[in-house]
1. Checking Arg184 against (1) within 15 Å of ligand 1 (Cβ to nearest atom); (2) buried (at least 21 other Cβ atoms within 10 Å of the Cβ), which test does it fail?
2. Might you check whether a residue that is outside the structural domain of Asn278 (by TED's automatic domain parsing) and not in a helix (DSSP H, G or I) occurs anywhere in segment 352-361?
3. Give all pairs with beta carbons closer than 9 Å in which a residue from segment 320-335 that is on the phi < 0 side of the Ramachandran plot meets a residue that is assigned to a loop (DSSP other than H, G, I, E, B) and within 12 Å of ligand 1 (Cβ to nearest atom); count only pairs at least 6 apart in sequence or on separate chains.
4. Assess whether Ile267 counts as being among the aliphatic types (A, V, I, L, M) and in contact with a helix residue (DSSP H, G or I) (Cβ under 6 Å, 6 or more places away or on another chain).
5. Only one residue in Phe148, Phe189 is within 27 Å of Ala405 (Cβ to Cβ), assigned by TED's automatic domain parsing to the domain that holds Val301 and within 16 Å of ligand 1 (Cβ to nearest atom). Which one?
6. Being among the charged types (D, E, K, R) and either more than 17 Å from the chain's Cα centre (by Cα) or surrounded by fewer than 21 Cβ atoms within 10 Å (Cβ to Cβ) (or both) is the filter here; which residues of segment 314-337 pass it?
7. Read through the list (1) in contact (Cβ under 8 Å) with a residue 12 or more places away in the chain; (2) within 19 Å of the chain's Cα centre (by Cα), then give the number of the only condition that Glu146 fails.
8. Scan Ile114, Ile123 and give me the residue that is crowded, with 17+ Cβ neighbours inside 10 Å, part of a helix (DSSP H, G or I), among the β-branched types (Val, Ile, Thr) and at pLDDT 90 or above.
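The values are calculated or read from the model by the stated rules, or taken from the named source; none is laboratory data. These figures come from a predicted structure and were not determined experimentally. Cβ placement follows ideal geometry from the backbone for every residue including glycine, while neighbour counts extend to all protein chains displayed.
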Amino acid sequence: MSYKILFIDDEINSLKTISVILKKHNYTVFTAQTVEEGISQLQKHKPHCLLLDYRLPGKDGIEMLKWLKKENINIPVIMLTAYGTIEKAVEAMKLGAFHYLVKPVDPTVLLETIKEAISKHEILSHQEDISYKFPEIIAKSQAMREIFYIIEMVADSNSNVLITGESGTGKELVARAIHRLSKRKNHPFIVVDCATIPDNLLESELFGYEKGAFTGATERKIGLIELANSGTIFLDEIGDLSLNLQKKLLRFLQEREIQRLGSLNKIKVDVRVIAATNRDLERAVKEGVFREDLYWRLNVVRIHLPPLRERKEDIPLLVQHFVQKFAKENNRPIPTIEPEVLDVLLNYDWPGNVRELANVIERAVILSTSGVISLKHLPKRILGKESKTNDFSLNTLNLLEMEKALIIKALNETGWNQTKAAQLLGISRKQLRTKMKHHGLLPISSNQNN
Ligand SMILES: Nc1ncnc2c1ncn2[C@@H]1O[C@H](COP(=O)(O)OP(=O)(O)OP(=O)(O)O)[C@@H](O)[C@H]1O
Ligand SMILES: [Mg+2]
C-alpha cells in the first residue's frame, strides 16, 4: 500500500522538488497552494500525512491547523517554514502539529519524519480504536487487534472458549476481559487452577460435597462450579486435568447440571466455561491423555495468544505501560529509557512472554535511581541474547518520541490544560512540566499557573 501525502505550499519549486522525492519513495502525493485548496484536497483524498508550509498567501498554516482541530480531523501534520522560531514551533505543536522542520529541508530528515509521523499516528489512532474497550490489555499488533475483535464478538454469547498460548502471554487477562464484557459481568468470575490442586481435592472443589460424603466432610461444601452460577468459571491449565475429572467435566458440560459428592440431587447451573492451557491439546488428544469429546466441547471458540517474540510491535507500549505502573507502585518518578535499552528488549526472544517483560521492567525501575533506565539495569540473560536477524525498525520506536507524541496528544485533548493532561497521562503536573521542558514543549516564558 502506498501512503498518501498532501503537501500545501505556495512555492511551486518547493512543491515540485519535494513531490519528486516523495514519489520516488513510493508515496502518493497531492498538492495545493492555498489553505482553501488544501482543505478540498484533504476532503477528497483523505491523506495519511499533511506537509504544511507555515507562510501561505491569505490564510496561513496555523489557520489550517485550527481548522483541522475545529473539524476534529486527526491527521499527522509536519509544518515546514523558512523562518524557524521557537514561538511558532510551540504554537504549531499546541495546535497538534507532529513536527516542525525548517526549510530548506533535508530530504532524509523529511522522509524519516514522515515515516515516524505516520507510524505513530497509527499507534495512537489504534488506541482510540477498539482497544479502548481493553484498557488492561496493552497491545497494538495486528494479531492482538484480531484477538480484541474475537473477544468482543464472543463476550456476549454463552459459547465455551479455549484460550491457548505460551506461559505469560495473557491468557488469564483475556479470560477476564471476556467475562467483563459479557452479560455475566456482575456475577462471579471464578478461577480454578487445575495444575496446582491435587486431583482428589479438585473434584470436591469443583463439584462440592454433602456433609458425611466422605470421612472429614463435616460440613456441606458448595463447589466452585455452583459458586460460579450465572457467572464464568475459568479452568486454567485444563491440559493437566486427570482423565477421571475430564469425564466428570464433560458430563457437566453436556448436561449443565452438577451433583455434589454424596448427593443424588442434580442441580442446574448456568455457567460459562473458559478454559486455558499452554499445552498442545491436539497432541494430548492424539496421545490419548486428553479426551477428544471434551476437547471439542471446550474448543467452540478458540483464542490463540501469540508469543511476544512474534508481536514485537507490542514491546514498546508494554515497556511504557510497565514503567509507569511500577514507578507508581514504588513511588518513583517515571524514569526515561535509554534507546539502547529498548533495542535490547526488542532483540530478546522472551520465553516467559509478557510476564517476563513485566518482571524485567519492575527490576529496572527499582534499580535505577537516577531517573534513567540504562543497560546496566537489565539482567545479564537479556543482554546476552543479541540476535543479528532482527529486522525490527527502531526508527519508528523511539520511546522518548512516543512519550512526546502522547504528551502532545493529551495536551491537545485537554485544551492544553496541564493539570488535566497530567491526569490523563497518570502523572503529576510537576512531572508533566518536567517532561514538557525536556521535550521542548514549554514556551520559554510560560507562566506556572495554568
Ligand atoms: N497485553 C498485556 N498487557 C498488559 N499486561 C499483560 C499483557 N499480557 C500479559 N500481561 C500481564 O502479564 C502477566 C501474565 O499474564 P497472564 O497471567 O494472563 O498469562 P497466562 O497466559 O495466563 O500465563 P500462564 O500460562 O503462565 O498462566 C500478568 O501479570 C498480566 O497482567
Ligand atoms: Mg495463567
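1. (1)
2. Yes, the conditions are met somewhere in segment 352-361.
3. The qualifying pairs are Gln320/Ile138; His321/Ile138; Phe322/Ile138.
4. It is false that Ile267 is among the aliphatic types (A, V, I, L, M) and in contact with a helix residue (DSSP H, G or I) (Cβ under 6 Å, 6 or more places away or on another chain).
5. Residue meeting the stated conditions: Phe148.
6. Lys325, Lys328, Glu329, Arg332
7. (1)
8. Result: Ile114 is the single residue among Ile114, Ile123 that is crowded, with 17+ Cβ neighbours inside 10 Å, part of a helix (DSSP H, G or I), among the β-branched types (Val, Ile, Thr) and at pLDDT 90 or above.
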